[in-house]
1. Which one is right for this structure if Rg/Rh (Cα atoms, Kirkwood Rh) is calculated from it: (i) 0.98; (ii) 1.03; (iii) 1.08?
2. Could I have the simple spin-label model distance between Arg79 and Glu11, label points 7 Å from Cα toward Cβ, reported in nm to one decimal?
3. At 1.306 mPa s and 10 °C, plugging the Kirkwood radius over alpha-carbon pairs of the stretch 1-42 into Stokes-Einstein gives what diffusion coefficient in µm²/s?
4. Filter the chymotrypsin sites (Phe, Trp or Tyr not before Pro) in the stretch 1-94 to those in DSSP coil with at most 12 other Cβ atoms within 10 Å of their Cβ, and list the result.
5. Tell me, which longest segment in the chain has none of the trypsin sites (Lys or Arg not before Pro) that fall in DSSP loops with at most 10 further Cβ atoms within 10 Å?
6. If contacts are Cα pairs under 8 angstrom and at least 6 residues apart, what is the relative contact order of the chain in percent?
Amino acid sequence: EVDAAPGRVGEVCSILPHIVRALLSNSGCMGYAITDNRRAKNSWIVSGYWESESLMHAHFDHPELAGFMDMLRAGMASRIKFNTFIINPAEDQRRVPHG
C-alpha cells in the first residue's frame, strides 16, 4: 500500500507505473497491478505475483524496489506498507476432512 503525502498525489501517480514496469520487466515477477485503495483517499495497492516463494524472496532484493523508499525519502509518500501472502497448494492437498 502506498499513501501519497498531501499535495503530492500527482507525483506518486506518475512514478508508481514506472517502478512497477521496471520491476515487472527485470525481476522475475509474473505480474504486477496497481489499484486504488478504496479504504483510503490518495492511496494505492501495488500487488505482485510470483511462481514460487524463492522467486518472491529474490524479487525483494531487486534494486528497483528502492524506488518505493525513494518516494518516502523525497516526501512524496506518507506511508508505504508491505505485506506478503504465500499460497501453497501442497498444503491444501494434505488437509483431511473431519467427519
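1. Computing Rg/Rh (Cα atoms, Kirkwood Rh) and matching it to (i) 0.98; (ii) 1.03; (iii) 1.08 gives (iii).
2. Once both label points are built, they end up 2.0 nm from each other.
3. 139 µm²/s
4. In loop regions of the stretch 1-94 (DSSP not H, G, I, E or B), the sparsely surrounded chymotrypsin sites (Phe, Trp or Tyr not before Pro) are Phe60, Phe82, Phe85.
5. Details: sites that count: Arg38, Arg39, Lys41, Lys81, Arg95.
No qualifying site falls inside 42-80, the longest such stretch.
6. Once divided by the residue count of the chain, the mean separation gives 36 percent.
Bear in mind that the values in this text are calculations on the coordinates, not laboratory data. This is a predicted model, so every value here is computed, not measured. Glycine also receives a Cβ, built like all others from the backbone with ideal geometry; neighbour counts cover every protein chain displayed.
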